[in-house]
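The values are calculated or read from the model by the stated rules, or taken from the named source; none is laboratory data. The model shown is predicted, which means the values in this text are computed figures rather than measured ones. Here the Cβ is made from the backbone with ideal geometry for all residues, glycine too, and neighbour counts use every protein chain on show. Surface accessibility is based on the protein's heavy atoms, side chains included, excluding ligands, DNA and RNA. Shrake-Rupley method; radii C 1.70, N 1.55, O 1.52, S 1.80 Å.
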Amino acid sequence: MKNALNNVNGWLNGVVGLLKTVIVFFVFAGIIWNGVPNVIQGIMNLVNGFLMGGLAGLFALLVFCSFMD
């Protein structure tokens with residue numbers, strides 16, 4: 001069971017690393033070229049969606065951020 005969880009954890013770490021790379025690429029592409037999807041605005045909308053939920057939304061945002069470590 002522990003081996004399976006380590007396998008899933010390793011796979012998820014790879015996916016999260018890839019997503020971070022893609023986000024950084026789109027941020028820089030948005031700075032260089034116009035017309036690229038605005039990633040920064042999307043991230044701001046996501047955070048604002050959590051914060052509009054009050055205290056429960058704030059706790060959900062903290063849990064969400066803890067998974068990204």
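Output the residues belonging to region 28-40 that are surrounded by 10 or more Cβ atoms within 10 Å (Cβ to Cβ) and assigned to a helix (DSSP H, G or I).
Answer for region 28-40, where residues must be surrounded by 10 or more Cβ atoms within 10 Å (Cβ to Cβ) and assigned to a helix (DSSP H, G or I): 28, 29, 30, 31, 39, 40.
When only residues in region 41-69 that are touching a helix residue (DSSP H, G or I) at 6+ places or on another chain (Cβ under 7 Å) and not in a helix (DSSP H, G or I) count, which is most open to solvent (accessible area, probe 1.4 Å)?
68
Go through region 1-27 and give me each residue that's more than 19 Å from residue 67 (Cβ to Cβ) and surrounded by 12 or more Cβ atoms within 10 Å (Cβ to Cβ).
The answer is 25, 26, 27.
Go through (1) over 17 Å from the mean Cα position of the chain (by Cα); (2) modelled with pLDDT of 80 or more one by one and return the number of the condition residue 30 breaks.
Here residue 30 clears every test but (2).
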